[in-house]
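Heads up, the thing below is written out as structure tokens.
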Amino acid sequence: MTKADIVNEIAKTTGIDKASVLETVEKFMETVKDSLANNENVYLRGFGSFIVKTRSQKTARNISKGTTLIIPEHKIPAFKPAKVFMEQVK
């Protein structure tokens, strides 16, 4: 399902025009991205959490060149679904 499919489905079920729904969905995604960029987690009860995980420093190897390099500690976005969501998907 794409963003356009989500917008169409919401517009169809609520009766709100597609332009308003698209603007709302875009603003939601922008808010989540901005929050994660500021190291703030986003919790949506019954759906899940968008969280920032920290990956620790590690050593990697380039096998073809026979060299090693260090990948520094860095942060990545992650999604953790709620129990209710997990049960519904199972």
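Give, as residue ranges, the helices (runs of 4 or more DSSP H) completely inside segment 1-89 that count at least 3 residues that are in contact with a Phe, Trp or Tyr (Cβ under 8 Å, 6 or more places away or on another chain).
Where helices (runs of 4 or more DSSP H) fall fully within segment 1-89 and carry at least 3 residues being in contact with a Phe, Trp or Tyr (Cβ under 8 Å, 6 or more places away or on another chain), they are 18-37.
Residues of segment 30-52 being touching a residue at least 12 places away in the same chain (Cβ under 8 Å) and surrounded by fewer than 11 Cβ atoms within 10 Å (Cβ to Cβ), which ones?
Asn39, Arg45, Gly46
Within segment 60-83, count every residue that is more than 27 Å from Asn38 (Cα to Cα), open to solvent by 80 Å² or more (accessible area, probe 1.4 Å) and touching a strand residue (DSSP E or B) at 6+ places or on another chain (Cβ under 9 Å).
3
If a residue has to be among the polar types (S, T, N, Q) and at positive phi to count, how many in segment 1-17 make the cut?
0
The values are calculated or read from the model by the stated rules, or taken from the named source; none is laboratory data. Bear in mind the structure is a predicted one, so any value in this text is a computation, not a measurement. Neighbour counts run over all protein chains shown; Cβ positions are idealised from the backbone, glycine included. Surface areas here come from the heavy atoms of the whole protein model, side chains and all, with no ligands, DNA or RNA. Shrake-Rupley method; radii C 1.70, N 1.55, O 1.52, S 1.80 Å.
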